[in-house]
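See structure below.
Every number here is computed from the coordinates shown, using simple stated rules; none is lab data. What you see is a predicted model; the values in this text were computed from it and never measured. Positions of Cβ are backbone-derived with ideal geometry, glycine not excepted, and every protein chain shown enters the neighbour counts.
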Amino acid sequence: MGAEGRVSAADIRSSLPLGASTFYILLALAGGDRHGYGVIKEVESQTGGTVKLGPGTLYRLIKQLLADGWIAEIEGEISGDDERRRYYRLTPRGRDVARAEAERLDAVVAVARERRLLPALATF
């Protein structure tokens, strides 16, 4: 692990590819701190309702993401919200991993465009 809790490029590569649900959770938290139900609703919104994380799946993955140091639980109550809610935040390590997965998927989409499975991007 490098400075400031960042993972090395080799460590990141060994973590890829991410499972879709894991990546959706990281994407949801990249948009800001959220509690579990907020993550579920954000993933549903991101996917137009096509992905619905169940609580069991969400909390199993959150436990793993916490153990991996990709997310952190935020201490204290947030803006008068229910004090029983646990809020989560993407860590610098988690942001690095999410970025690497986005770049990996971008390369996959580029190949799909090259093979004409997707339309070419418009150029100006």
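Projecting label points 7 angstrom from Cα along Cα→Cβ for L105 and A30 puts them 0.7 nm apart. Report summary: the helix-based calculation at 222 nm, which adds -39500 (n - 2.57) for every DSSP H run with n ≥ 4 and divides by the residues of the chain, gives -17000 deg cm²/dmol.
Residues whose amide H comes within less than 5 Å of that of I71, counting only those at least five positions distant or on another chain, are L66, T91 (H built at 1.01 Å from N in the peptide plane). Taken over the chain, the alpha-carbon convex hull comes to 158 cubic angstrom per residue. Note on E44 and R84: the model spin-label points, each 7 Å out from Cα along the C-beta direction, lie 2.0 nm apart.
Note: relative contact order over segment 17-114, using C-alpha pairs below 8 Å and six or more positions apart, is 33 percent.
Packing order of peptides 62-75, 31-44, 103-116, highest average first: 31-44, 62-75, 103-116 (average count of other Cβ atoms within 10 Å over each peptide's residues). The length gained on full extension between L118 and Y59, counted as 0.36 nm times the residue separation minus their Cα-Cα distance, comes to 17.8 nm. Between R34 and Y88, the built amide H atoms are under 5 Å apart, and every one of these is 5 or more places off in sequence or on another chain. Considering only L18, A107, W70, the residue lying farthest towards the positive end of the dipole of segment 7-121 is A107, judged by Cα position with unit charges set on Cβ.
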